[in-house]
Every structure is written in structure tokens, then in C-alpha cells.
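First up is the structure itself, then whatever we jot down about it.
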Amino acid sequence: MSIAVTGATGNLGQLVVESLIGRGTAASDIVAVVRNPQKAESLAARGVVVRQADYADASALETALAGVDKLVLISGSEVGSRLAQHTNIIDAAKAAGVGFIAYTSILNAQDTPMKLAAEHKATEDVLTRIGIPFALLRNGWYWENFTNDLAGVIERGALVGAGAEGKIAAAARADYADAAAVVATTGGHEGAVYELGGDERLTYAELAEKISEFAGKPVAYQFVDEQAYEGILESVGLPAPVAQILADSDAAIAKGALDTESGDLQKLIGRSSTPVAEVLKQA
Ligand SMILES: NC(=O)c1ccc[n+]([C@@H]2O[C@H](COP(=O)([O-])OP(=O)(O)OC[C@H]3O[C@@H](n4cnc5c(N)ncnc54)[C@H](OP(=O)(O)O)[C@@H]3O)[C@@H](O)[C@H]2O)c1
């Protein structure tokens, strides 16, 4: 059984490969599809099959997926180009005879107000049309999204965001990676739609409290509206379109877009999600 993972040099992709190996998949049965093989040297050293393909290169993708039975399609990171890229991968999978695709989508993809979800929704629609059995791993937020600037948050004593009172049922990347590995290594997932979120459903204020407990000093949530948040993100160097889409996502948190009580993640991985406190420690 050959299992391919796209984005295998990314944060989530590396964890998916780890989890596949941890669940007994032979490294030689894993195909890491990467755009930069230099970044994949440690994977190759462990015996993982590394194949190069940029998401823009349809023929390289088809070659990379030759002989693959199941594909974990990790969504790309180039917002705005992703539908074309994902379509290339799905078409290549079809041409290569791949038998199953697990796609990392976003929570509530079909009816969320988040602009970020548009490419996920459209990719889900491509999967529905193409005729390859598939499962949707609709991932919620990573807790790690809040730890990129953890030192700064602690120093300022302020966690800034536009999420207001919305609950965020996030989980650690490693939890979502385990879910993907379970779906790729066990049967019965064809047609499944998994709404994946963690056990801890926290508002920004509750997350600030967790950070405060971890840091041993006061950290409070500071609400800013979407427009102000967009300005803040731009002021720390994010390109305007990225700042805009992230601020929109944050505002959607206020409407509950990243909350779920489905329990799907916990059922798949057979355990609770990683506690936020643990993610903070690791960061
Ligand atoms: N749920 C969440 O909170 C959340 C947050 C952020 C992102 N996401 C989504 O989840 C995905 C995985 O998350 P992550 O943390 O692993 O992101 P990441 O570390 O940025 O990984 C993205 C992966 O996609 C690869 N990639 C991007 N463009 C490509 C292209 N044109 N051709 C081939 N490979 C390409 C990257 O290759 P390189 O290694 O060469 O850069 C990388 O391996 C992201 O791409 C995004 O769609 C979800």
C-alpha cells in the first residue's frame, strides 16, 4: 500500500509522515511529494520516497503519484492560487489511478462565512465531481496559530484579536496529523466528512487566561475590530491581502466559524486532543 503526502516538507506534512510511520507504515511505502527535495533530505534519509513536484506542474504531479494507492492532499499555502493547484493534484491523481484522497479542508467548509474557506469549498466540489473516493478532513484552527508570537504576547501582556466572544475549538497540528494518518491507514472513510476540532473550546479571553497561567503573569484579551486587526497585521509586515484574509477569519471566529462539538477528531485519533497548556509549553 503506497501512501503519498503532498506538502510533506511543511509543518503538518512532516507530522503526517511521522504519524504514518508511527502507525506501522513502512517508510518505503510513503511518497513525500515536495517542491524542494533539499528540504526533504531527512525524510529521504529515513527511507521515505521523495518525489519532486510543484503544485503548478501537472505532469510532474502525475509522475509523482504513479503507483500511489492513497493520497493525503494537504492544502497549499499560496492563498488565491490554491484552487488551480489542488485541481492539478486531483487531476494528476485521477490520471495516475490513485484510489483514495484525504483532503485537508477547513471546518464547516460549505457554509462558513470565512473568505479563507472559498478555495477549500471549491476544492471539495472538484473532489465530488472527479469520481475518486475521498474523505474530507475539515481541520479547525491550529493552537499553534496563536504561538507564533507567544513571547511578544507574554511581554505585552495582551493577546490581540477580532474574535470577540467566539469559541475556538482548535487542536494541535499533531492531532490533525494523527487524524490524517488514521484515515490514510484504515478503511471505511470513503465519503466521510470529518469536522475536526479539539476538546478545549476557548474564547480569546479564555485562551489569554491559559497563556497567563503558563507565563505566570497577567495576559488579557484585547479586542480590536476587523479593520483595526487588519492594520495591526500589516504593521507587523504581513502583505495586505494576507492581513485582510486573516482579519476576516478572526472576525468569523466571533460568529462561531471555528467552533465544533462534533467529536470527530477524538473518535478518529482515539484520544483527547493535546491540551493548550501542552502546546504552549512546546512553543
Ligand atoms: N488549520 C489551520 O489553522 C491552518 C493554518 C495555516 C495553514 N493551514 C492550511 O493547512 C496547510 C498545512 O499547514 P502547515 O502548517 O503545514 O503549512 P506549511 O508549513 O506552510 O506547509 C505548506 C506546505 O505546502 C507546500 N506548498 C506550498 N505551495 C506549494 C507549491 N506550489 N507546490 C508544492 N508544494 C507547495 C509547502 O512546501 P515548502 O515546504 O517547500 O514550503 C509546504 O510543504 C496549509 O498549507 C494551509 O492550507 C491551516
What does the charge dipole of segment 1-126 about its Cα centre add up to, to the nearest 20 debye, if the Cβ of each Lys and Arg holds +1 and the Cβ of each Asp and Glu holds -1?
220 debye
Tabulate in residue order the Karplus-calculated ³J(HN,Hα) for segment 31-45, using 6.51 cos²θ - 1.76 cosθ + 1.60 with θ = phi - 60°, rounded to whole Hz; enter x for Gly and Pro.
9, 8, 8, 9, 8, 10, x, 4, 6, 9, 4, 5, 5, 4, 5
The correct pair for the chain, radius of gyration to one decimal and Dmax as a whole number, both in Å and from Cα atoms, is 18.8, 56
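At a 10 Å Cβ-Cβ cut-off, how would you order MET114, MET1, fewest neighbours first?
Numbers: MET114 22, MET1 12.
The order, fewest Cβ neighbours first, is MET1, MET114.
Just add up the charged neighbours of THR112: K/R +1, D/E -1, any other residue whose Cβ is under 10 Å from the Cβ of THR112. Before the final figure, lay out the partial values.
Values: positive: LYS115, LYS121, ARG138, LYS255; negative: ASP111.
Summing Lys and Arg as +1 and Asp and Glu as -1 gives +3.
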Dipole axis of segment 125-283 (+1 Lys, Arg; -1 Asp, Glu on Cβ), positive-most option in ALA254, TYR176, VAL224:
TYR176
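Highest mean first, what order results for 230-242, 136-148, 29-41, 51-63 on Cβ atoms within 10 Å?
Working: 230-242: 13.3, 136-148: 21.9, 29-41: 18.9, 51-63: 17.2.
For the peptides 230-242, 136-148, 29-41, 51-63, the packing ranking is 136-148, 29-41, 51-63, 230-242.
Less than 13 Å Cβ to Cβ from ALA84, Lys/Arg counted +1 and Asp/Glu -1: what total charge do the surrounding residues give?
After counting each charged neighbour, the total is -4.
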Dipole magnitude of the chain about its Cα centre (Cβ charges: Lys, Arg +1; Asp, Glu -1), debye to nearest 20:
640 debye
Trypsin sites (Lys or Arg not before Pro) within segment 175-283, DSSP loop, no more than 12 other Cβ atoms inside 10 Å:
ARG271
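How large is Rg over Rh for segment 132-175, taking Rg from the Cα atoms and Rh as the Kirkwood inverse mean of 1/r across Cα pairs?
Values: Rg = 14.4 Å, Rh = 12.8 Å.
That ratio equals 1.13.
Around ILE168, what is the net charge, scoring Lys/Arg as +1 and Asp/Glu as -1 over all other residues with Cβ under 13 Å from its Cβ?
Working: positive: LYS167, ARG201, LYS210, LYS255; negative: GLU144, GLU165, ASP199, GLU200, GLU206, ASP250, ASP259, GLU261.
Around ILE168, the surrounding residues sum to -4.
Rounded to the nearest 5, what % of DSSP beta bridges with both residues in the chain are antiparallel?
Numbers: 1 of 31 bridges.
If we restrict to bridges inside the chain, about 5 percent are antiparallel.
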I'd like the per residue volume of the convex hull spanned by the Cα atoms of segment 33-166, given in cubic angstrom.
137 Å³
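Given +1 on the Cβ of Lys and Arg, -1 on the Cβ of Asp and Glu, and no further charges, what dipole in debye does segment 181-283 carry about its Cα centre, rounded to the nearest 20?
Working: 7 positive and 17 negative charges, 82 e Å.
In total the dipole reaches around 400 debye.
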Can you give the calculated 222 nm mean residue ellipticity of the chain, where each DSSP H run of n ≥ 4 adds -39,500 (n - 2.57) and the sum is split over every residue, rounded to the nearest 500 deg cm²/dmol?
-12500 deg cm²/dmol
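Equivalent ellipsoid semi-axes for segment 196-283, as square roots of 5 times the alpha carbon gyration tensor eigenvalues: give them largest first, rounded to whole Å. Before the final figure, lay out each step's value.
Values: eigenvalues 133, 68, 30 Å².
Equivalent-ellipsoid dimensions as semi-axes: 26, 18, 12 Å.
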For the chain, whose charge dipole is built from +1 on Lys and Arg Cβ atoms and -1 on Asp and Glu Cβ atoms, the candidate among ILE3, GLY163, GLN244 with its Cα farthest towards the positive end is ILE3
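Convex hull over the alpha-carbon atoms of segment 88-229: what's its volume per residue in Å³? If you can, show how the numbers build up before the last one.
On the way: hull volume 18.2 nm³, N = 142.
Taking only Cα atoms, segment 88-229 has a hull volume of 128 Å³ per residue.
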Quick one: angle between helix 173-185 and the longest Cα principal axis of the chain, in degrees between 0 and 90, rounded to 10, please.
20 degrees
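Rule-based calculations on the coordinates, nothing more; no lab input. What you see is a predicted model, and the numbers here were worked out from it, not measured in a lab. Glycine also receives a Cβ, built like all others from the backbone with ideal geometry; neighbour counts cover every protein chain displayed.
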